[in-house]
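Asks: This is the structure, below, for whatever I ask next.
The values are calculated or read from the model by the stated rules, or taken from the named source; none is laboratory data. Every value quoted in this text rests on a predicted model; they were computed, and no experiment measured them. Cβ sites come from the backbone with ideal geometry, for glycine too, and all protein chains shown count toward neighbours. Just so you know, the surface numbers come from the protein's heavy atoms only, side chains and all, with ligands and any DNA or RNA stripped out. Shrake-Rupley method; radii C 1.70, N 1.55, O 1.52, S 1.80 Å.
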Amino acid sequence: MTKTVNHWIGGKTVEGTSGTYGPVTDPATGAVTTQVAFATVDEVDAAVAAAKAAYATWGTSSLAQRTAILFKFRALLDANRDAIAELITAEHGKVHSDALGEVARGLEIVDLACGITTQLKGELSTQVSNRVDVASIRQPLGVVAGITPFNFPAMVPMWMFPMAIACGNTFVLKPSEKDPSASMKVAELLAEAGLPDGVFNVVHGDKVAVDRLLEHPDVAAVSFVGSTPIARYIHTTASANGKRVQALGGAKNHMLVLPDADLDAAADAAVSAAYGSAGERCMAISAVVAVGATGDELVAKIKERAEKIKIGPGNDPESEMGPLITAAHRDKVASYVKGAADQGAEVVLDGTGYTVPGFEDGHWIGLSLLDKVPTDADAYKDEIFGPVLCVLRVDTYEEGVDLINASPFGNGTAIFTRDGGAARRFQMEIEAGMVGVNVPIPVPVGYHSFGGWKDSLFGDHHIYGNDGTHFYTRGKVVTTRWPDPSEAPAGVDLGFPRNY
């Protein structure tokens, strides 16, 4: 019998009533293993109502109470790493070690939320005028929502809700319908840690659920991670409904390799960053820009390494790369490789048509490497979100920077070089939100914020770090005068308030 994933509302599992379900497959076998209930507008409303009711007390709870629960949650999350990673592997397909890494990066943000007390400290200026003090404080928003993608079903929600609830908000999560089970496990752990009912809720579904969250009058803010077209839609729609929005979109992350770089290290980094998690990362390196005469040798080294990658089921300890999330996505990724030669690229490795013996119905694709890719080729212009690496050739550093800055995306980028001056110049001149120097995937640690530029981010705030605290709170300034009891009344003064 197929397992059903239902909603989590008001601290308990709530069975879906819509009669509409989405299939959840095991990407390694192609078999449907689970069905997930899709929420109606009424069910989304019920989750928001539960969150609103919980906010009445959670929003005024002490920081000590909030952090005590988060510390308990952190311990439970740590103890259940393997269980969550197994759910991720079963529904997303990534190898177990990669799934464990995802949980570890999510734990970083829980750590940050456990220390929220220092981030929520306000400011005080005394005696700005005679017996007048001014204080700046930050307060929670109310009910906030998160809409998260399939590629990191545990980590991306943890980029959002720990900070949100630590700041005093209540949360409604709409995870990807393709791999929903990790979010339900997290909800159970939060309840076990003592989080009051309604502070954290999960509704599953499609555009019906998303649109209701975007328009619901009791949702104060929306966080989103996904593709650029949807990020733009989320930002436009939620903003039109008066909500605060952070919407992180797609990417085409470049790695610039200078002639002085250690080419073995660069090749290792390119293979790891392009093909890890089957390329289903918004921070994957999908375009290597080789400067000068480095291209031929670099491509040869990348090819040599890529051919040795072991592809197989994510629960096989020997597997280094698993399948793609769905058969439809596999076919879409393959279409870019099949059309590359006609658009001027040289196909060095063609991973289309790859299968794993014994798992022929899985969503498999091999590693593809395209060289001398023109900038007008679809494989370069689009975010493929699969194990396809494009190599472009330029003659100079300046030409490489111009090429990268011409991209509409500005999520992450990297430079490989031994020249500190060139690296410093690159980090100042490049138009991207996250920059790596000899680091291919420059995802910031939890106490710095994650986010791109240009079409990779819609909204003013990056995610987690200091930006996360600011996004989930709003500022208030309190001006206070306490006259000395011995003073006579000041009397009426219609002039502008004085600060002396």
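Asks: Per residue of the stretch 84-93, what does 6.51 cos²θ - 1.76 cosθ + 1.60 with θ = phi - 60° give for ³J(HN,Hα)? Whole Hz please, x for Gly and Pro, Karplus curve as stated.
Replies: 3J(HN,Hα) across the stretch 84-93, in whole Hz: 5, 4, 5, 5, 4, 4, 5, 10, 9, x.
Asks: Quick one: accessible surface of Arg481, probe radius 1.4 Å, all protein chains present, in square angstrom to the nearest 10.
Replies: 140 Å²
Asks: If packing is taken as the average number of other Cβ atoms within 10 Å across a peptide's residues, how do 94-100, 303-309, 105-111 rank, most packed first?
Replies: 94-100, 105-111, 303-309
Asks: With all pairs of different alpha carbon atoms counted, what Kirkwood hydrodynamic radius in Å does the stretch 119-168 show?
Replies: Hydrodynamic radius (Kirkwood, Cα only) of the stretch 119-168 equals 13.8 Å.
Asks: Give a residue-ordered list of calculated ³J(HN,Hα) values for the stretch 258-268 (Karplus: 6.51 cos²θ - 1.76 cosθ + 1.60, θ = phi - 60°; whole Hz; x for Gly, Pro).
Replies: 7, x, 8, 5, 6, 5, 5, 5, 5, 5, 4
Asks: Set the Förster radius R0 to 60 Å, insert the Cβ-Cβ distance between Asp395 and Val477 as r into 1/(1 + (r/R0)^6), and round the FRET efficiency to 0.05.
Replies: 0.65
Asks: Sticking with this one: Counting only heavy atoms of the protein chains, get the accessible area per residue of the stretch 211-308 (1.4 Å probe) and round it to a whole Å² value. Intermediate values should be presented prior to the final figure.
Replies: Numbers: 3060 Å² over 98 residues.
Per-residue value: 31 Å².
Asks: Once label points are set 7 Å from the Cα along Cα→Cβ at both Ala240 and Asp211, what is their separation, rounded to one decimal in nm?
Replies: 1.1 nm
Asks: Let me ask you something else. Thr170's amide H: which non-local residues (gap 5+, or another chain) put their own amide H closer than 5 Å, with H modeled 1.01 Å from N in plane and none for Pro or chain starts?
Replies: For Thr170, the qualifying residues are Gly142, Val143, Val144.
Asks: Let me ask something else about it. If all Cα-Cα distances of the chain are sorted into 10 Å bins from 0 onward, what percent lands in each bin, rounded to whole numbers?
Replies: Values per bin, smallest distances first: 4, 19, 27, 24, 15, 7, 3, 2, 0, 0.
Asks: Which of Pro408, Gly314, Ile302 sits closest to the plus end of the dipole of the stretch 293-424, meaning its Cα is farthest towards the positive end, when Lys and Arg get +1 and Asp and Glu get -1 on the C-beta?
Replies: Checking the options against the dipole of the stretch 293-424, the answer is Gly314.
Asks: Where the accessible area of the stretch 171-317 is counted over protein heavy atoms with a 1.4 Å probe, how much of it, in %, is carbon and sulfur? Don't skip to the answer; put the middle values down first.
Replies: Details: 2320 of 4540 Å².
Percent of accessible area from carbon and sulfur atoms in the stretch 171-317: 51.
Asks: Leaving out ligands, DNA and RNA, what percent of the accessible area of the stretch 423-500 is carbon and sulfur, probe 1.4 Å?
Replies: Accessible surface attributable to carbon and sulfur in the stretch 423-500 totals 55 percent.
Asks: May I pose another question? May I ask for the distance between the Cα centers of the stretch 172-222 and the stretch 287-360, given as a whole number of Å?
Replies: Spelled out, the Cα-based centre of one part sits 35 Å from the other.
Asks: Can you spot the aspartates and glutamates whose alpha carbon is less than 15 Å from Lys243's alpha carbon? Ignore those fewer than 8 places along the same chain.
Replies: Correct list for Lys243: Asp211, Glu215, Asp218, Asp460.
Asks: What whole number of Å gives the distance from the Cα centroid of the stretch 225-280 to the Cα centroid of the stretch 8-65?
Replies: When both Cα centres are located, 28 Å separates them.
Asks: Would you tally the net charge around His363, using a Cβ to Cβ cut-off of less than 15 Å, leaving His363 out, and scoring K and R as +1, D and E as -1? Kindly include the intermediate steps, with their values, before the conclusion.
Replies: Working: positive: Lys94, Lys178, Arg330, Lys332; negative: Asp26, Glu91, Asp179, Glu280, Asp331, Glu360, Asp361.
Overall, the nearby charge balance is -3.
Asks: Okay, moving on. For the chain, give the magnitude of the charge dipole about the Cα centre (Cβ charges: +1 Lys/Arg, -1 Asp/Glu; no others), in debye to the nearest 20.
Replies: Charge dipole, the chain, about its Cα centre: 1540 debye, nearest 20.
Asks: May I pose another question? Net charge around Gln246, counting only other residues with Cβ within less than 12 Å of its Cβ (Lys, Arg = +1; Asp, Glu = -1)?
Replies: On the way: positive: Lys243, Arg244; negative: Asp460, Asp467.
My count for the surroundings of Gln246 gives 0.
Asks: Roughly speaking, what is the stretch gain from Asp45 to Tyr354, that is 0.36 nm per residue apart minus the C-alpha to C-alpha distance, in nm to one decimal? Don't jump to the answer; show the numbers that get you there.
Replies: Working: separation 309, 0.36 × 309 = 111.24 nm, distance 4.48 nm.
Result: 106.8 nm gained on full extension.
Asks: Additional query: Amide H to amide H under 5 Å from Asn130: which residues, 5+ apart in sequence or cross-chain, H placed 1.01 Å off N in plane?
Replies: Counting only residues 5 or more places away or on other chains, the set is Tyr500.
Asks: Which angle from 0 to 90°, rounded to the nearest 10, does the C-alpha axis of helix 63-79 make with the longest principal axis of the chain?
Replies: Tilt relative to the chain: about 20 degrees.
Asks: Pairs Lys52/Lys72; Lys185/Lys381; Lys12/Lys121; Lys94/Lys301: which are spaced more than 30 Å apart, C-alpha to C-alpha? Working shown, then result.
Replies: On the way: Lys52/Lys72 24 Å; Lys185/Lys381 37 Å; Lys12/Lys121 34 Å; Lys94/Lys301 25 Å.
Long pairs (Cα-Cα over 30 Å): Lys185/Lys381; Lys12/Lys121.
Asks: Per residue of the stretch 204-215, in order, report the coupling 6.51 cos²θ - 1.76 cosθ + 1.60 (Karplus, θ = phi - 60°) as ³J(HN,Hα) in whole Hz, putting x for Gly and Pro.
Replies: 9, x, 10, 4, 4, 5, 4, 5, 5, 5, 5, 9
Asks: Something else: Compute the distance in nm between two label points, each set 7 Å from the Cα along the Cα-to-Cβ direction, one at Ala68 and one at Asp361.
Replies: 5.2 nm
Asks: At a 1.4 Å probe radius, which order do Val134, Val245 fall into by accessible area, largest first?
Replies: Val134, Val245
Asks: Could you rank the peptides 15-25, 152-162 by their average count of other C-beta atoms within 10 Å per residue, with the highest value first?
Replies: Result, highest mean first: 152-162, 15-25.
Asks: While we're here: Give the relative contact order (percent, whole number) for the chain; include only Cα pairs under 8 Å separated by 6+ residues.
Replies: 18 percent.
Asks: Continuing with this model, one more query. Order of 293-300, 3-10 by packing, highest average Cβ count within 10 Å first?
Replies: 3-10, 293-300
Asks: Grab the beta carbon distance between Thr126 and Lys332, set R0 = 41 Å, and tell me the FRET efficiency rounded to 0.05.
Replies: 0.10
Asks: Amide H of Val202 versus every other amide H placed in the peptide plane: which residues, excluding those fewer than 5 positions away on the same chain, fall under 5 Å?
Replies: Counting only residues 5 or more places away or on other chains, the set is Trp8, Ile9, Leu173.
Asks: Here is a further query. What's the angle, to the nearest 10 degrees (0 to 90), between helix 96-114's Cα axis and the longest principal axis of the chain?
Replies: That helix lies at roughly 20 degrees to the long axis.
Asks: Note down the nm distance, to one decimal, between modelled labels 7 Å out along Cα→Cβ at Ala300 and at Glu318.
Replies: About 3.0 nm, to one decimal.
Asks: Running Debye on the stretch 356-500 with equal point scatterers at the Cα sites and no solvent, what base-10 log of I(q)/I(0) appears at q = 0.08, 0.11, 0.12 Å⁻¹?
Replies: Debye intensities relative to I(0), on a log10 scale: -0.45, -0.65, -0.72.
Asks: Evaluate Rg over Rh across the stretch 142-255, taking Cα atoms for both radii and Kirkwood's formula for Rh.
Replies: 0.96
Asks: Let me check against my output: what whole-number percent is the relative contact order of the stretch 284-357, with C-alpha pairs under 8 Å and at least 6 apart?
Replies: 18 percent
Asks: State to the nearest 20 debye the size of the charge dipole of the stretch 156-288 about its Cα centre, where the only charges are +1 on K and R beta carbons and -1 on D and E beta carbons.
Replies: For the stretch 156-288, the charge dipole is close to 520 debye.
Asks: Rounded to the nearest 20 Debye, what is the dipole magnitude of the stretch 1-160 about its Cα centre when Lys and Arg each give +1 and Asp and Glu each give -1 at the C-beta?
Replies: Approximately 560 debye in magnitude.
Asks: Follow-up. Using a Förster radius of 51 Å, what is the FRET efficiency between Glu346 and Thr118 based on their Cβ-Cβ separation? Nearest 0.05, please.
Replies: So, using R0 = 51 Å, E works out to roughly 0.45.
Asks: Could you tell me what fraction of 2.2 N^0.38 Å the Cα radius of gyration of the stretch 56-138 comes to, as a two-decimal ratio?
Replies: 1.67
Asks: What is the sum of charges, Lys and Arg at +1 and Asp and Glu at -1, for the other residues whose Cβ falls under 11 Å from the Cβ of Thr228?
Replies: Its environment carries a net charge of 0.
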